[in-house]
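**Q** Take a look at the following structure, please.
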Amino acid sequence: MEALAMKDSAISQNGTERTLYPYVTGTSVIGMKYKDGIIMAADTGGSYGSTLRYKSLERIKSIGKHSLLGASGEISDFQELLRYLDELVLYDNMWDDGNSLGPKEVHNYLTRVMYNRRNKFNPLWNSLVLGGVKNGQKYLGMVSMIGTHFEDNHVATGFGNHLARPILRAEWREDLSFEEAVKLMEKCLLVLLYRDRSAINKFQIAKITEEGVTISQPYALKTHWGFSAFQNPSKGAEGSW
Amino acid sequence: MDLDLNAPHSMGTTIIGVTYDGGVILGADSRTSTGMYVANRASDKITQLTDNVYICRSGSAADSQVVSDYVRYFLHQHTIQLGQPSTVKVAANLVRLLSYSNKNMLQMGVIIGGWDKYEGGQIYSVPLGGTILKQPFAIGGSGSSYLYGFFDQAWKEGMSKDEAEKLVVKAVSLAIARDGASGGVVRTVIINADGVTKNFYSGDSLPLWHEELEPHNSLLDILASSSPEPMST
């Protein structure tokens with residue numbers, strides 16, 4: 001693994017480096033608007049290739065007073081982003097003018113950062129979900145590693161795009177209560193746990209409302225294996241799966 | 001490399017075969033993946049070759065299935081001609097023959113286990129390339145990387161049936177905890193003089209390891225039961 005051929009090396013002709021592939025990665029993040037604000041969920045796993053190496057990673061963080069950021073992809077790049085955002089929020093506070101960065105502003109900043117890095121062929125290898133509430137306005141958006149960005153009522157990254165979004169399209173409503181939103185979120189998380197190789201059974205659900213941010217302690221979900229078809233699948237077809 | 005539905009079906013897998021005083025225990029996980037997607041979360045990787053010999057399959061699902069099918073067919077004929085159950089050694093060598101002579105095209109690593117009246121319980125490993133190795137216990141598949149240290153410490157000669165089965169279930173469960181390509185349920189097959197017993201240990205009945213948590217029906221239950229502390233900022 002260490003002895004990469006020269007052509008695989010990230011140090012090109014002009015001596016600068018660029019990211020080729022991610023190492024420690026987080027999997028899907030799901031976000032949706034509900035009655036009082038935004039709810040976001042992710043598991044706490046950090047995969048190292050196919051090894052489930054880290055099991056207590058927090059992939060959802062609060063930004064300023066009004067936003068939540070969830071990230072999938074390379075964890076070191078996410079941590080770098082958090083540093084940038086920290087500085088942004090600090091400067092914002094230093095103005096001491098009573099204004100504070102809302103989710104729309106943070107989303108825009110992230111878009112600029114991601115797109116600029118993409119143009120230098122040195123992307124931050126993440127898919128980001130940014131959600132928040134300011135002055136009663138709910139906001140939920142996504143930014144990808146190439147700078148593609150958009151807002152929607154429900155978003156998901158990675159495998160969530162393929163497995164969670166169809167469920168959300170069918171069952172999401174504008175006026176979901178917190179309890180209903182959590183149940184819908186858990187329905188998506190369970191499918192991801194069954195079908196995404198890099199998912200682990202340890203989740204955090206975060207919510208943001210006008211009142212503030214709450215990020216739950218990590219918890220696990222019950223899985224279901226009691227189908228009669230699972231007992232003896234090769235019965236009558238020896239050698240099948 | 002996200003949802004590549006044309007990626008070959010491969011059984012990332014953890015497979016184990018262990019001899020004990022009286023027979024063998026075969027164990028495996030149940031996850032079959034197509035790239036990063038879990039195509040089957042409850043597959044049966046321990047396949048029957050004869051009444052007394054079973055095979056644990058890993059690697060390409062297609063390759064291992066078709067080789068098992070051929071070997072089952074040959075062994076059936078062999079049993080008829082011999083007039084008695086085939087030996088484990090013959091079954092293992094048939095697998096080896098096919099694996100070795102098609103080594104450039106096949107991608108499978110298997111563990112054959114069974115019981116016959118001449119040698120009792122036996123385990124044979126046939127990894128990539130078609131080598132055959134008789135061993136007191138064998139581990140294979142991507143999840144086995146996480147078990148070498150475990151078996152170095154935990155394996156003992158002459159275990160009882162229950163001790164051996166507990167060891168196998170514990171090992172597969174530990175591999176599932178760390179290998180993304182292994183998951184689902186733990187299936188075991190016990191083969192001895194009395195016959196064959198198949199068992200099934202589902203996800204929620206397996207022990208919890210480091211940094212794994214007790215499962216709940218929903219976050220709402222946790223919030224309802226203990227008010228002050230669950231949420232933090």
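The values are calculated or read from the model by the stated rules, or taken from the named source; none is laboratory data. The model shown is predicted, which means the values in this text are computed figures rather than measured ones. Note that each Cβ is placed from the backbone with ideal geometry, even for glycine, and that neighbours are counted across all protein chains shown.
**Q** How many residues are touching a Leu at 6+ places or on another chain (Cβ under 8 Å), more than 14 Å from chain B (Cβ to nearest Cβ) and assigned to a helix (DSSP H, G or I) if we restrict to the stretch A:152-179?
**A** So the answer is 3.
**Q** In this structure, does B:ALA62 turn out to be within 13 Å of chain A (Cβ to nearest Cβ), over 21 Å from B:ASN199 (Cα atoms) and in a strand (DSSP E or B)?
**A** So B:ALA62 fails the test.
**Q** Something else about it: Residue by residue through the stretch B:213-227, note down the ones that are under 26 Å from B:VAL185 (Cβ atoms) and facing chain A (nearest Cβ under 7 Å).
**A** From the stretch B:213-227, those under 26 Å from B:VAL185 (Cβ atoms) are B:213-219, B:221-222; that's our starting set.
Result: B:LEU213, B:GLU214, B:PRO215, B:HIS216, B:ASN217, B:SER218, B:LEU219, B:ILE222.
**Q** Restricting attention to the stretch A:115-144, which residues are more than 23 Å from A:TRP172 (Cα to Cα) and either in contact with a Lys or Arg (Cβ under 7 Å, 6 or more places away or on another chain) or more than 14 Å from every other protein chain (Cβ to nearest Cβ) (or both)?
**A** A:TYR115, A:ASN116, A:ARG117, A:ARG118, A:ASN119, A:LYS120, A:PHE121, A:ASN122, A:PRO123, A:LEU124, A:ASN126, A:ASN135 - these are the residues of the stretch A:115-144 that are more than 23 Å from A:TRP172 (Cα to Cα) and either in contact with a Lys or Arg (Cβ under 7 Å, 6 or more places away or on another chain) or more than 14 Å from every other protein chain (Cβ to nearest Cβ) (or both).
**Q** Scan the stretch B:188-199 and tell me whether some residue there is more than 15 Å from B:TYR20 (Cβ to Cβ) and within 14 Å of another protein chain (Cβ to nearest Cβ).
**A** yes
**Q** Right, something else. Would you please name the residue that is nearest to B:ILE25 (Cα to Cα), looking only at residues in the stretch B:122-136 that are in contact with a helix residue (DSSP H, G or I) (Cβ under 8 Å, 6 or more places away or on another chain) and modelled with pLDDT of 95 or more?
**A** If we take residues in the stretch B:122-136 being in contact with a helix residue (DSSP H, G or I) (Cβ under 8 Å, 6 or more places away or on another chain) and modelled with pLDDT of 95 or more, then B:GLN122 is nearest to B:ILE25 (Cα to Cα).
**Q** Here is a check on your reading of the model: is A:GLU179 surrounded by fewer than 17 Cβ atoms within 10 Å (Cβ to Cβ) and in contact with a helix residue (DSSP H, G or I) (Cβ under 6 Å, 6 or more places away or on another chain)?
**A** It is true that A:GLU179 is surrounded by fewer than 17 Cβ atoms within 10 Å (Cβ to Cβ) and in contact with a helix residue (DSSP H, G or I) (Cβ under 6 Å, 6 or more places away or on another chain).
**Q** OK, next. Identify, please: which residue in the stretch B:200-212 is closer than 21 Å to A:LYS187 by Cα and assigned to a loop (DSSP other than H, G, I, E, B) and is, among those, nearest to the other protein chains (Cβ to nearest Cβ)?
**A** Applying the filter and picking the extreme gives B:SER202.
**Q** When you scan the stretch A:182-241, how many residues do you find that are more than 7 Å from every other protein chain (Cβ to nearest Cβ), among the basic types (Lys, Arg) and surrounded by 17 or more Cβ atoms within 10 Å (Cβ to Cβ)?
**A** Residues meeting the conditions: 1.
**Q** Also, quick follow-up: Can A:ARG53 be described as assigned to a loop (DSSP other than H, G, I, E, B), modelled with pLDDT under 90 and surrounded by 11 or more Cβ atoms within 10 Å (Cβ to Cβ)?
**A** Working: assigned to a loop (DSSP other than H, G, I, E, B): no; modelled with pLDDT under 90: yes; surrounded by 11 or more Cβ atoms within 10 Å (Cβ to Cβ): yes.
Against the criterion (assigned to a loop (DSSP other than H, G, I, E, B), modelled with pLDDT under 90 and surrounded by 11 or more Cβ atoms within 10 Å (Cβ to Cβ)), A:ARG53 does not qualify.
**Q** I'd like the residue in the stretch A:137-176 that is of a type in the set (D, E, K, R) and closer than 22 Å to A:SER62 by Cβ and, out of all such residues, is surrounded by the most Cβ atoms within 10 Å (Cβ to Cβ).
**A** A:LYS138
**Q** Please pick out the residue among B:GLY12, B:GLY114 that is in contact with a helix residue (DSSP H, G or I) (Cβ under 8 Å, 6 or more places away or on another chain) and more than 14 Å from chain A (Cβ to nearest Cβ).
**A** On inspection, the qualifying residue turns out to be B:GLY114.
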